[in-house]
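Below is one structure, written out as structure tokens; the observations come after it.
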2 protein chains.
Amino acid sequence: MSTQRQGQMSLGAFLMETGHHVAAWRDPSTPANGGLDFKVYKQVVQIAEQARFDMVFFADSVTAYTGAAAERMARSDKFEPITLLSALAAVTEHIGLCATATTTYNEPYHVARKFASLDHLSGGRAGWNLVTSDAASEAGNFGRAQHVGHAERYERAREFYEVVTGLWDSWDDDAFVRDKASGVYYDPAKLHVLNHKGKHFSVTGPLNVARPPQGRPVVIQAGSSETGRDLAAQTADVVFTAHTSLASAQAFYRDVKARTETAGRSRDSIRIMPGVYVVVAATREEAQQKHAALQALVDPEVGLSLLSRMIGNFDLRGVDLDGPLPELPLTDSGQRSRQELLTRLAGNENLTVRQLYERIAGGRGHFSVIGTGADVADALQAWFEGEGADGFNVMAPTLPGGLADFAEFVVPELQKRGLFRTEYTGATLRANLGLARP
Amino acid sequence: MSTQRQGQMSLGAFLMETGHHVAAWRDPSTPANGGLDFKVYKQVVQIAEQARFDMVFFADSVTAYTGAAAERMARSDKFEPITLLSALAAVTEHIGLCATATTTYNEPYHVARKFASLDHLSGGRAGWNLVTSDAASEAGNFGRAQHVGHAERYERAREFYEVVTGLWDSWDDDAFVRDKASGVYYDPAKLHVLNHKGKHFSVTGPLNVARPPQGRPVVIQAGSSETGRDLAAQTADVVFTAHTSLASAQAFYRDVKARTETAGRSRDSIRIMPGVYVVVAATREEAQQKHAALQALVDPEVGLSLLSRMIGNFDLRGVDLDGPLPELPLTDSGQRSRQELLTRLAGNENLTVRQLYERIAGGRGHFSVIGTGADVADALQAWFEGEGADGFNVMAPTLPGGLADFAEFVVPELQKRGLFRTEYTGATLRANLGLARP
């Protein structure tokens with residue numbers, strides 16, 4: 001690299017039931033009921049904490065996946081993430097605890113309150129992944145015949161953010177004096193009633209939780225559309241994103257940092273963390289064997305269903321598995337950027353439908369690295385030093401095994417190179433990420 | 001007692017920030033920031049678990065109390081209860097974990113999911129207190145200019161219950177086979193899609209959580225109006241209630257058990273648990289001293305505000321503290337039954353406004369006992385054997401101190417008399433309460 005970057009990379013552990021590989025639950029090493037076994041999650045998160053990860057992260061949808069081949073996938077029974085993170089807060093000390101909560105089918109008062117409460121429970125380790133709902137089937141669980149359209153979802157998300165952060169600011173940091181002698185519990189001059197009246201929400205406030213230890217829990221976003229990038233530039237502390245090449249990651253990185261500066265914020269006030277799917281072992285051969293063993297467990301029905309879902313829920317049943325991906329209209333769902341990415345990938349590499357679903361069975365279109373600890377560290381270092389990433393959201397193929405492998409083989413290598421911390425230095429997630437307290 | 005009752009009483013610990021006494025936070029023994037200190041709650045709940053309580057319980061409102069004298073009360077900063085209970089699940093093994101979630105300003109899918117998730121996290125220890133909102137100020141946090149009226153709130157609550165329990169039943173107990181060899185994760189014949197379409201809610205389902213370990217989390221209710229009693233008789237596992245005399249408790253008990261049978265359910269399928277405010281010590285003198293010390297810390301402004309709130313938010317500022325309670329219209333809020341109870345109490349005993357607020361500064365109109373462990377056990381035994389109660393929701397004046405006193409002085413006395421368990425026998429809250437699995 002021509003210029004040496006200052007600072008170290010951030011690492012998140014993106015956790016998903018039994019692991020990111022669609023056949024993870026069938027792997028002999030994986031507890032098949034891991035998605036609903038707290039003991040397993042406790043073990044997983046303690047592995048991440050011992051490895052000094054900045055945070056763990058859970059995606060979420062407020063709907064059960066019951067589409068094609070659902071009964072052959074481990075995606076229908078899982079913990080609700082805010083309850084799960086709260087339980088994990090009680091058995092960890094340093095690691096950040098982040099989850100998705102949709103702005104499309106929630107009320108901002110509930111979301112503000114739950115993340116503020118989690119931030120207090122954990123001593124300043126909460127993070128909220130602000131999303132607009134990508135699963136149209138969520139609408140039916142909230143009294144709507146039709147999913148809210150893309151533009152309205154983003155408009156609502158922007159206002160939702162204003163309300164939530166306004167509620168977090170209801171009380172000054174030093175509002176609660178709790179003076180036993182005088183009987184004064186809080187200073188009324190340090191209470192701010194929101195009185196928000198907007199197009200989508202009317203919320204009086206104040207919040208019935210003191211200001212969160214982080215000031216505001218960390219706000220994460222993952223939108224890649226123009227609107228999504230602008231929203232992130234204006235409001236996000238962390239951006240999750242998916243790229244298969246360094247060039248694409250660099251272009252995204254440059255674009256979002258520039259938009260952040262245009263929005264009047266410092267480029268260091270936003271951390272860009274692409275997902276990376278990692279299969280790692282002591283030797284390259286072993287890593288390839290692990291990978292192949294998982295791929296061999298992919299049911300074609302499941303592979304096709306996964307692909308269909310990731311390009312916007314188009315029904316692909318009946319297509320020729322050994323032919324090219326058929327032409328499809330642009331989806332209106334939250335999967336639009338993923339659809340574009342996969343269509344480009346299939347075109348560039350002349351992939352058949354089968355090859356395409358095999359490609360996403362693990363990393364779902366994210367950057368994938370299979371190899372030794374040094375191989376993985378080389379790749380992450382190149383992305384980090386090449387300004388394609390400020391850190392990574394690590395996707396383990398299986399849990400807890402795949403994450404334990406990352407902790408064993410990759411983390412020490414990154415530490416040896418000075419690219420990752422050896423001890424937690426900050427008391428909060430925000431501090432560990434190097435972000436200022438708002 | 002003429003007839004010896006079978007079985008033992010149930011005990012819940014009704015927890016409230018720094019304790020139930022309105023001046024608890026000013027007591028020298030109480031951590032004034034206890035409402036937002038997880039370490040304090042952990043200690044409190046572990047005291048309750050070591051004493052073999054069936055459950056802990058948190059009330060809740062989705063609004064901050066900012067009325068008159070709010071700045072002199074410890075009621076404005078607290079944990080959101082579902083996040084708090086989830087964290088407590090990770091540091092306890094046996095005790096039930098119950099909280100309020102309003103049906104007035106929530107979506108049933110979210111509520112069903114969070115309590116199902118808590119039930120899995122805790123291995124079958126979750127309980128949901130189904131309420132209609134009593135605080136009109138909640139409306140403003142959810143986009144409504146006016147609070148929903150009493151009749152509509154109950155109609156909505158009834159339908160909310162149908163949706164939530166229907167979602168809990170989305171999957172049969174044995175739906176998730178997770179067979180690694182065949183690749184079948186769940187049996188589609190054991191999935192039930194709700195497809196609820198009603199007046200207030202349209203919810204497709206299914207829930208994205210497997211059936212809760214308890215089948216359904218324990219459903220608690222506390223409504224005392226005619227409508228509230230009927231709803232409880234049809235749907236509740238546990239009823240919380242407030243009475244100041246055994247006669248009143250017995251009348252309520254008979255009435256709700258009769259309504260339960262009319263609704264086609266066994267009278268043993270519902271547990272009636274009045275609240276009881278207990279100040280207990282080694283001697284009567286010590287208990288009276290503890291009580292007096294707390295009463296001396298009540299600010300008159302706070303006392304008046306408390307009274308005002310409990311009779312339906314009528315503004316009482318300026319009334320003669322040493323005169324009788326003025327005549328007031330019947331409130332439309334959820335506090336109607338509390339208003340009736342307090343008006344009756346003031347009339348029966350010729351209480352001044354000051355005497356009335358002193359009376360409720362601790363127990364807020366609940367049964368109150370001040371004395372030794374034997375005194376308290378005598379009172380609870382009389383109510384239990386006299387069929388005024390199947391158990392009690394214990395309100396400690398201060399936390400953790402007041403609950404530790406109950407555990408030290410009252411529990412061993414009840415155990416000695418065979419009225420309370422010495423070890424947990426059931427694996428779930430439902431089992432400990434002696435309730436069948438639905």
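Under 10 Å, Cα contacts only: if you run a Gaussian network model on chain B, which one of B:Gly183, B:Gly363, B:Gly205 comes out with the highest mean-square fluctuation? Of B:Gly183, B:Gly363, B:Gly205, the Gaussian network model singles out B:Gly183 as fluctuating most. Inter-part distance, the range A:1-64 to the range A:350-392, computed on C-alpha centroids, equals 16 Å. Charged side chains reduced to their Cβ positions (Lys and Arg at +1, Asp and Glu at -1) give chain B a dipole of some 720 debye around its Cα centre. The amide H of A:His192, built 1.01 Å from its N in the peptide plane, has A:Trp171, A:Asp172 as neighbours under 5 Å, considering only residues 5 or more places off or on other chains. Comparing B:Ser245, B:Ser368, B:Ser86 in a Gaussian network model of chain B (Cα springs below 10 Å), the most mobile by mean-square fluctuation is B:Ser245. Charge tally for B:Phe314 (other residues, Cβ to Cβ under 13 Å; Lys, Arg +1; Asp, Glu -1): +1. Residues within the reach of a label modelled at B:Val184 (point 7 angstrom out along Cα to beta-carbon, backbone nitrogen below 12 Å), restricted to the range A:16-30: there are none. Axis of helix A:336-349 versus longest Cα principal axis of chain A: the two differ by about 30°, to the nearest ten degrees. The alpha-carbon of A:Lys42 sits under 27 angstrom from the alpha-carbons of these lysines, leaving out residues fewer than 8 places away in its chain: A:Lys78, A:Lys114, A:Lys290, B:Lys39, B:Lys42, B:Lys78, B:Lys114, B:Lys180. A simple spin-label model places the labels of B:Glu226 and B:Glu408 4.9 nm from each other, with each point 7 Å out along Cα-to-Cβ. Here the calculated FRET efficiency for A:Glu261 and A:Ala59, from their Cβ-Cβ distance with R0 = 35 Å, stands at 0.75, rounded to the nearest 0.05. Rank A:Thr372, A:Ile270, A:Leu330 by how far each Cα sits towards the positive end of the charge dipole of the range A:10-432 (+1 on Lys, Arg Cβ; -1 on Asp, Glu Cβ) and give me just the farthest. Working it through, the farthest residue towards the positive pole turns out to be A:Ile270. For the range B:5-20, backbone phi angles converted through the Karplus equation (6.51, -1.76, 1.60; θ = phi - 60°) give residue-by-residue couplings of 6, 6, x, 10, 7, 9, 10, x, 9, 7, 9, 8, 5, 7, x, 7 Hz, Gly and Pro being listed as x. The amide H of B:Leu11, built 1.01 Å from its N in the peptide plane, has B:Asp54, B:Met55, B:Phe392 as neighbours under 5 Å, considering only residues 5 or more places off or on other chains. Farthest towards the positive end of the charge dipole of the protein assembly as shown, among the residues B:Ala126, A:Thr244, B:Gln289, is the Cα of A:Thr244, using unit charges on the Cβ of Lys, Arg, Asp and Glu.
Counting Cβ atoms of other protein chains within 10 Å of each Cβ in A:187-198 and taking the mean gives 2.
If you sort the three axes of the alpha carbon gyration tensor as a ≥ b ≥ c, you get a/c of 1.5 or more for the range A:331-410 and a/b above b/c, which makes it prolate. Taken residue by residue and averaged, Cβ atoms of other chains lying within 10 Å of the Cβ of A:104-111 number 4. Taken about its Cα centre, the protein assembly as shown carries a charge dipole of about 200 debye when Lys and Arg each add +1 at the Cβ and Asp and Glu each add -1 at the Cβ.
For B:Asp37 and A:Tyr424, the FRET efficiency from 1/(1 + (r/R0)^6), where r spans their Cβ atoms and R0 equals 22 Å, is about 0.50. With Cα atoms defining each centre, the range A:142-167 and the range B:75-103 are spaced 28 Å apart in the structure. Rounded to whole numbers, the Karplus 3J(HN,Hα) couplings from phi for the range A:385-391 are 6, x, 6, x, 6, 9, x Hz, using 6.51 cos²θ - 1.76 cosθ + 1.60 with θ = phi - 60°, and x at Gly and Pro.
Once the Cα atoms are used to define both axes, helix B:353-363 deviates from the longest principal axis of chain B by about 40 degrees.
Close amide-amide hydrogen proximity is noted between B:Ala64 and A:Asn208, each under 5 Å apart and 5 or more residues distant or on a separate chain (H modeled in the peptide plane; Pro and chain starts excluded).
Between rounded, prolate and oblate, where does chain A land on the alpha carbon gyration tensor, with a ≥ b ≥ c its root eigenvalues, rounded for a/c under 1.5, else prolate if a/b exceeds b/c? Taking the square roots of the gyration eigenvalues as a ≥ b ≥ c, chain A is prolate. Considering only B:Ser170, B:His150, B:Ala181, and ranking their Cα positions along the charge dipole of the range B:144-218 that arises from unit charges at the beta-carbon of Lys, Arg, Asp and Glu, the one farthest toward the positive end is B:His150. Among B:Ala90, B:Ala136, B:Ala233, the largest mean-square fluctuation in a Gaussian network model of chain B, built with springs joining Cα atoms closer than 10 Å, belongs to B:Ala90. How would you classify the protein assembly as shown from its alpha-carbon gyration tensor, with a ≥ b ≥ c the square roots of the eigenvalues: rounded for a/c under 1.5, else prolate if a/b is greater than b/c, otherwise oblate? The shape class here is prolate. Under a model in which nothing but the beta-carbon of Lys, Arg (+1) and Asp, Glu (-1) is charged, the range A:1-54 shows a dipole of about 120 debye around its Cα centre. Relative to the longest principal axis of the Cα atoms of chain B, helix B:150-168 runs at roughly 40 degrees.
For the range A:10-432, the antiparallel share of DSSP beta bridges with both residues in that region comes to about 15%. Reported to the nearest whole Å, the Cα centre-to-centre distance from the range A:318-344 to the range A:232-289 is 23.
Throughout, read-outs are computed from the coordinates displayed, never taken from laboratory work. As the structure is a prediction and not an experimental result, all values here were calculated from the model. Cβ coordinates were reconstructed from backbone atoms using ideal geometry, including for glycine residues, and neighbour counts include every protein chain displayed.
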